[in-house]
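Just so it is clear, none of the values below were taken in a lab; they were calculated from the coordinates. Since the model is a prediction, treat every value here as computed from it, not as a measurement. As a convention, Cβ positions derive from the backbone with ideal geometry for all residues, glycine included, and neighbour counts pool all protein chains shown.
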Amino acid sequence: MIRGEWVKKLTVVLFVIIMRNAGMERWHSQFSDSPARLAWLEAYLSRPSAARPVLAAVDDSTFSLGQWIDAFIQLEQWLEAQGRRASFDDQLGYVHCACEAAGNGANLTTLAAVVAEMLDDYGFEHSQRKDEH
């Protein structure tokens, strides 16, 4: 079987695992109306090595998987607008830090809003200009 077919099958398996863990109603409410979230899931969580730490971080937080994905999308948009890039691990660390910074106020705001505020206030130290190697 060619590599592309394996990636597609693995993606479907991961979606099924996520749906089972989240529950069908939660899955539907978080992802059915958001092509951006689904695209992000497919792009980043189709590899088990990326999926495990993200899902573990989500489980340990008060924010939903959908909110985490929105935060990653917010971070990616900021990086693109700034002409910068960062490793996935560094992005995960940044969003995790934002989640901890939200603390008890997590129910008062979205994780993407916390990420946006942190980016405005502090930037992203572990990012690099796209033209740097």
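Residues of the stretch 76-101 with amide nitrogen under 20 Å from the 7 Å Cα-to-Cβ point of Arg47?
Under cut-off, by backbone N: 76-77, 79-80, 84-96.
For a Förster distance of 22 Å, can you work out the FRET efficiency between the beta-carbons of Thr62 and Gln128, rounded to the nearest 0.05?
Working: r = 31 Å, r/R0 = 1.41.
Computed FRET efficiency for Thr62 and Gln128: 0.10.
Local charge sum around Gly93 (other residues, Cβ-Cβ under 11 Å, Lys/Arg +1, Asp/Glu -1)? Let's see the in-between values first.
On the way: positive: none; negative: Asp89, Asp90, Glu100, Glu125.
Overall, the nearby charge balance is -4.
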